[in-house]
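Here the structure is laid out as structure tokens; the discussion comes afterwards.
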Amino acid sequence: MNICRIKDVSLKIKEGGTPDTKNESYWNGSIPWISAPDIDFPKVSMSKKISHDGFKNSSTYLFNAGSVLFTSKGSNIGKVGLCNFPLVTNQNVMGIEPNKKIVPKYLTLVLESGKGEIKDKAKTTTFGSINIEDMAYHQFYLPDLSEQNLVADYAFDKIKVIENGLNLLTQKLRHLEEYKTSLIHNAVTKGLDANGCRILDGTPANEIRWGSFKVKDLIVENEKSNRPASVGELTGKYQFFKSSIKQNSFCDFYDYEKMSIVMGDGGVANASLSEKYFSKSDHCWSFYSNVSDLHTKFLFHFIVSQLKVIDDLGFKGMGIRNLDKNFVRNLEVFLPDEDEVLAINNFIEKNIALIMQLENAINKKIDLLLEYKKSLINEAVSGQ
């Protein structure tokens with residue numbers, strides 16, 4: 001078994017390119033054109049195609065089936081996929097066409113196992129990219145062809161089983177999310193549980209007469225923040241909200257003193273419920289009920305039930321999207337009396353807690369499968 005470099009087992013190492021996007025004749029042709037979202041180890045799918053004129057008038061390169069792709073620039077560095085059909089790529093995707101010394105499946109495993117080491121090289125560049133020389137000199141263990149085939153076939157068979165398991169678990173998460181959305185929607189618009197009975201007293205559903213309001217009639221808006229998103233820290237005493245829920249963090253000060261609904265101003269529609277004391281970035285909008293914290297919670301659940309509608313219809317701008325606050329202000333809310341508001345809030349919170357327990361259990365299984373897949377790949381190409 002030898003230690004060798006990618007360049008020793010490659011006919012070509014190339015980066016792709018993008019035809020002029022303003023020239024319609026360059027697009028919707030017959031040549032698959034691959035970018036980072038099309039690569040999901042170990043598979044490569046196709047979402048866009050270019051024409052022969054687009055191919056001839058760009059710097060892209062045609063990779064044969066059996067080539068291995070590696071995303072080399074941008075936020076998605078390190079995605080690896082095996083080509084099962086001839087294709088071209090954009091400038092953020094590098095392709096390696098193997099020679100007869102290496103089995104394409106084995107090369108795919110080598111790059112997936114070594115992507116952490118390869119990605120580390122990107123940290124030394126200004127724009128975070130892997131250059132062809134970095135890739136060419138990446139070292140790995142190379143067994144003989146018969147062993148490569150045995151190792152690759154075994155690993156790919158195992159990976160297929162793991163991927164099937166991951167797909168089933170992901171499907172369960174999606175079903176739970178759909179159930180949660182439906183449960184919240186029925187609760188805040190009809191006062192009904194999953195069995196179609198009134199949450200307040202368990203009686204069969206009758207015609208419910210709730211008062212009809214606009215969101216703007218029920219809220220007080222907090223003053224706009226002047227704080228940049230960079231203020232947020234990993235730890236702190238108070239919540240610090242950013243435009244994306246996934247980026248929410250903490251700080252050691254607060255600007256607001258009322259439990260509030262916080263919505264990101266751009267990107268994808270999202271909403272969070274704050275604690276009593278919190279701060280937020282200048283890319284967030286927040287408001288609270290003009291009645292009580294109890295009603296703020298109810299309005300939060302209502303907003304969550306409307307997120308898909310808000311995402312589809314409640315944003316302005318092309319390219320960079322901004323939340324249309326007037327769209328949210330003018331959403332119609334049906335508001336029950338205080339006893340029913342309390343019952344609905346408690347019902348939603350209890351059921352969401354149960355759903356979150358199920359989601360956490362599923363996510364733990366997903367993490368275990370991903371860790372198993374990673375260790376399987378690393379062992380396959382470790383030379384041991």
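The values are calculated or read from the model by the stated rules, or taken from the named source; none is laboratory data. Owing to the predicted nature of the structure, the values given are computational and were not obtained by experimental measurement. No Cβ is skipped: glycine too gets one built from the backbone with ideal geometry, and neighbour counts run over all protein chains shown.
Under the condition of being within 29 Å of the chain's Cα centre (by Cα) and of a type outside the set (Val, Ile, Thr), which residue from region 91-103 is surrounded by the fewest Cβ atoms within 10 Å (Cβ to Cβ)?
Gln91
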| query | Can you tell me which of Glu233, Glu221, Glu257 is surrounded by fewer than 19 Cβ atoms within 10 Å (Cβ to Cβ), within 18 Å of Leu323 (Cβ to Cβ), in the same structural domain as Asp311 (by TED's automatic domain parsing) and not hydroxyl-bearing (Ser, Thr, Tyr)? | reply | Glu221
| Candidates Lys190, Lys214, Lys119 - the one that is basic (Lys, Arg) and under 24 Å from the mean Cα position of the chain (by Cα) | Lys119
| So which residues in region 360-384 are closer than 23 Å to Gln171 by Cα and touching a helix residue (DSSP H, G or I) at 6+ places or on another chain (Cβ under 6 Å), if there are any at all? | Ile362, Lys365, Ile366, Leu369, Lys373
| request: Just name the residue that is farthest from Val88 (Cα to Cα) out of those in region 26-58 that are surrounded by 13 or more Cβ atoms within 10 Å (Cβ to Cβ) and among the polar types (S, T, N, Q). | output: Asn57
| message | So the check is Cβ under 8 Å with 6+ separation or different chains; which pairs have a first residue in region 208-226 that's among the acidic types (Asp, Glu) and a second one that's surrounded by 11 or more Cβ atoms within 10 Å (Cβ to Cβ)? | response | Glu221/Trp285; Glu221/Ser286; Glu221/Phe287
| remark: If we take region 278-372, then strands (runs of 3 or more DSSP E) inside it with 3 or more residues that are among the hydroxyl-bearing types (Ser, Thr, Tyr) are 284-289
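If I ask for residues that are among the aliphatic types (A, V, I, L, M) and in contact (Cβ under 8 Å) with a residue 24 or more places away in the chain, which ones from region 361-384 would you list?
Across region 361-384, the qualifying residues are Ile362, Ile366, Leu369, Leu370, Leu376, Ile377, Ala380, Val381.
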| note | Of the residues in region 65-114, those that are hydroxyl-bearing (Ser, Thr, Tyr), in a helix (DSSP H, G or I) and at pLDDT 95 or above come to Tyr106, Thr108, Ser113
| field | Whichever residue in region 276-297 is among the charged types (D, E, K, R) and within 26 Å of the chain's Cα centre (by Cα) and, among such residues, is surrounded by the most Cβ atoms within 10 Å (Cβ to Cβ) | value | Lys280
| field | Verdict on Ile199 being under 12 Å from Cys284 (Cβ atoms), in contact with a helix residue (DSSP H, G or I) (Cβ under 7 Å, 6 or more places away or on another chain) and either surrounded by fewer than 17 Cβ atoms within 10 Å (Cβ to Cβ) or not basic (Lys, Arg) (or both) | value | no
